[in-house]
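The values are calculated or read from the model by the stated rules, or taken from the named source; none is laboratory data. On a predicted model such as this, the values are computed, not experimentally measured, just so you know. Cβ: placed from backbone, ideal geometry, glycine included. Neighbour counts: every protein chain shown. Side chains included, ligands, DNA and RNA excluded: accessible areas come from the protein's heavy atoms. Shrake-Rupley method; radii C 1.70, N 1.55, O 1.52, S 1.80 Å.
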Amino acid sequence: MSAAISEPGAEAAETSVAVKKPSGGGLGRYVLIRFLLIIPTIFILTTLVFFLMRITGDPITAALGGRLTKAQLAERVHAAGYDRPILVQYFEYLGNLLKGDFGTAVSDGQPVSSILLNYGAATVELVFYALIVAFILGIPLGMLAAYHRDKAPDAALRVLAILGYATPVFFAGMILKLIFGVFLPILPVAGRGTTETEYIMSGVVGPTRFYLIDALRIGNFSVLGDVLAHAVLPAIALGVLTAGVFLRLVRTNLIGTLEQQYIDCGRSRGISEYRLVTKHAYRPALIPIITVMGMQIALMLAGAVLTETTFEWKGLGFKLAEYLTARDFVAVQGIVVFLAVIVAFTNFLVDVIAAFIDPRVRY
């Protein structure tokens, strides 16, 4: 009998211990870990880019070989320090990166940091416009496909989504230019603005280099309209790719949400299917979009090279194509590393936003 007797409160304590769940460290710990993971990510990417760029030899010979004599090449290579051991060059490059020095372009002599400053805003602005297009097209069409599940509109929208993310960006750009620049000449097909707009923007004091922001700052609405008109076709060409992905994600997750018990309870209370889709089920279905947004931004930055080249949108993608043609691997290396840093920080921000919205991602 005495063996069956336990101390008061012992059973309750054991029960509380048994049902206690791991806390996962909380939001602060999660954010700190995700931030610290940026460092090895950038380090690995930088290392890969550096050594891949050196497979073909030193940047001076790659860019200027055939245009200079052997003696002149040797002199330039020695002056730049490219005749030293590769590991010495690598650690020097890492040290310069920590100071914000991305090197100097071989083909035109411009500091790569000034190239990033002058052209980086154009690429970020284009990706911003493309994301707006992706949200405007992908989310409502995904909801519409889920609402008409397994019916003709759903099948048509799924085919449209496949065409969206399977069509090459440059091909979509050429079709858009042909339609809206030749058959229906209602939209500009090249550049970020007219010559007049470019002249006005060059005179802005303390420019952000984001044409949309600078046009609002100076209060010139004709320039603002011109900037937005020039952005329409590039944004559509780049945004349709991600819109197709968003459409499929929203459709799949919305259909899964509509099968949940609380949705069935809503149906039993007489709530219409349209209201269930638009008011109750779509928000949980948006969480996967946020979690994959970092990857989609990385794809957009990659697609910006072809988009900017197609529409002569003078951003980092446009300059990257120029430097690749010139075999200027110093400039290419700097631009690729910079884009990798943007992708790493974007993924960090997306993970933090996802953790705020859905605490389950912290565990």
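Out of the residues in region 137-183 meeting the condition of being among the β-branched types (Val, Ile, Thr) and touching a residue at least 60 places away in the same chain (Cβ under 8 Å), tell me which one is surrounded by the most Cβ atoms within 10 Å (Cβ to Cβ).
169
If you go through region 34-75 one residue at a time, how many are among the aliphatic types (A, V, I, L, M), within 18 Å of residue 96 (Cβ to Cβ), out of contact with any Leu (no Cβ under 8 Å at 6 or more places or on another chain) and touching a residue at least 40 places away in the same chain (Cβ under 8 Å)?
Total satisfying the criteria: 4.
State yes or no: is residue 199 open to solvent by 80 Å² or more (accessible area, probe 1.4 Å), within 25 Å of residue 248 (Cβ to Cβ) and in a helix (DSSP H, G or I)? Lay out the reasoning, then the answer.
Numbers: open to solvent by 80 Å² or more (accessible area, probe 1.4 Å): yes; within 25 Å of residue 248 (Cβ to Cβ): no; in a helix (DSSP H, G or I): yes.
Criteria not met by residue 199.
Please state which one of 324, 301, 339, 320 is in a helix (DSSP H, G or I) and open to solvent by 60 Å² or more (accessible area, probe 1.4 Å).
The unique qualifying residue is 324.
Here are the criteria: (1) of a type in the set (A, V, I, L, M, F, W, C); (2) surrounded by fewer than 19 Cβ atoms within 10 Å (Cβ to Cβ); (3) in contact with a Gly (Cβ under 7 Å, 6 or more places away or on another chain). Tell me which single one residue 349 does not satisfy.
Exception for residue 349: condition (3).
Specify which of the listed residues (249, 233) is of a type in the set (A, V, I, L, M, F, W, C) and closer than 28 Å to residue 351 by Cα.
Result of the check over 249, 233: 249.
Identify all residues within region 283-313 that are among the charged types (D, E, K, R) and either under 16 Å from residue 245 (Cβ atoms) or touching a residue at least 24 places away in the same chain (Cβ under 8 Å) (or both); write none if there are none.
Of everything in region 283-313, those that are among the charged types (D, E, K, R) and either under 16 Å from residue 245 (Cβ atoms) or touching a residue at least 24 places away in the same chain (Cβ under 8 Å) (or both) turn out to be 308, 312.
For every residue, the table says whether it meets (1) farther than 23 Å from residue 337 by Cα; (2) part of a loop (DSSP other than H, G, I, E, B).
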position: 52; (1), (2): no, no
position: 75; (1), (2): yes, no
position: 78; (1), (2): yes, no
position: 89; (1), (2): no, no
position: 100; (1), (2): no, yes
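Taking region 251-271 only, how many residues are open to solvent by less than 30 Å² (accessible area, probe 1.4 Å) and either among the polar types (S, T, N, Q) or on the phi > 0 side of the Ramachandran plot (or both)?
Total meeting the criteria: 1.
Of all residues in region 221-250, which are free of Cβ contacts under 8 Å to residues at least 12 places away in the same chain and either of a type outside the set (Gly, Ala, Ser) or buried (at least 20 other Cβ atoms within 10 Å of the Cβ) (or both)?
Once the filter is applied, which keeps residues that are free of Cβ contacts under 8 Å to residues at least 12 places away in the same chain and either of a type outside the set (Gly, Ala, Ser) or buried (at least 20 other Cβ atoms within 10 Å of the Cβ) (or both), region 221-250 yields only 221.
Is it fair to say residue 199 is more than 16 Å from residue 123 (Cα to Cα) and aromatic (Phe, Trp, Tyr)?
The answer is yes for residue 199.
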